[in-house]
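Take a look at the structure set out below.
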Amino acid sequence: MSLEIVVVHPDLLGTYGDGGNGVVLAQRARWRGIAAELVDATSGEALPTGDLYCLGGGEDAAQTASAERLRDEGALERAVGRGAVVLAVCAGYQILGTSFAGADGRAISGVGLLDVRTVKGNGRRAVGELLAEPADGRLPQLTGFENHGGLTIRGPDVAPLAEVAAGVGNGDGTEGAVFGRVIGTYLHGPALARNPALADLLLSWATGRRLEPLDDAEEAALREERIAAVRERRLRHRVRYELGSSS
Ligand code: GLN
């Protein structure tokens, strides 16, 4: 049996390189001797049956088109009903909610797999590194970058994925959402290249197996470099602020 990993609508949700999440999942499965098939499911075709689905970020108009296609089809909801695992990033995360703001600010219906809704933020677009402390203590710090205008409000039964340490995330000090085997997040990177522990959590859900550790020295070096960059930038801001305030 092969693990079916589906990258959903890369033609619409491919702006930020989040298709890499599918590549990471397939490769980390294969490194452990688990056969995995990676399928790019463009919006013109029927969504294939899979064990793991990845949705990425995209522009407002493409996001609306993808949401409409998924809502009409209903295949993603059926897959989750069968126990499929989903990782959805940014526009993909917003699509999984009950509604999100379209290009003109009007609410567009989402797929409703997560009880979250996204509204247009009234401040600046959230752009930059995003660092978050996971609510699940088994995961290490989450690192990525964000680029979104929407702010996401969670319903009472949906847990956040993490607390924001640097950046904006959902906009209320939390980052992302988890419900069952569905995870939504604002982390680009791709998120699973920067956070291999998150990739392994998804793989363990999908396979029902405890996975042996891999040599993640390269990933650890990348994480260190990115997390240090956030710290340095904060320090630079502080120095600039202190210089600014004393002159
Ligand atoms: N269009 C959405 C927003 O700006 C999502 C952007 C993205 O996917 N990076 O909030």
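The values are calculated or read from the model by the stated rules, or taken from the named source; none is laboratory data. Keep in mind that what you see is a predicted model, and the values were worked out from it rather than measured. Methodologically, a virtual Cβ is constructed for each residue, glycine included, from the backbone with ideal geometry; neighbour enumeration extends over all protein chains shown. The accessibility values were calculated without ligands, DNA or RNA, using every heavy atom of the protein model including side chains. Shrake-Rupley method; radii C 1.70, N 1.55, O 1.52, S 1.80 Å.
Some observations on this one:
- Secondary structure note: in the chain, about 60% of the DSSP beta bridges are antiparallel.
- Calculated P(r) of the stretch 8-77 - Cα pairs past 14 Å, %: 59 percent
- Cα lying deepest toward the dipole's positive end in the chain, options LEU47, VAL119, ALA88, charges on Cβ: VAL119
- In the context of the full set of protein chains, residues of the chain present 46 Å² of accessible surface per residue (probe radius 1.4 Å, heavy atoms only).
- Carbon plus sulfur fraction of accessible area for the stretch 77-149, probe 1.4 Å, in percent: 47 percent
- Per-residue ellipticity at 222 nm, computed for the chain from helices alone with -39500 (n - 2.57) per DSSP H run of at least four residues, works out to -10500 deg cm²/dmol.
- In the stretch 94-247, the C-alpha radius of gyration followed by the widest Cα-Cα span (Dmax) gives 17.1, 60 angstrom.
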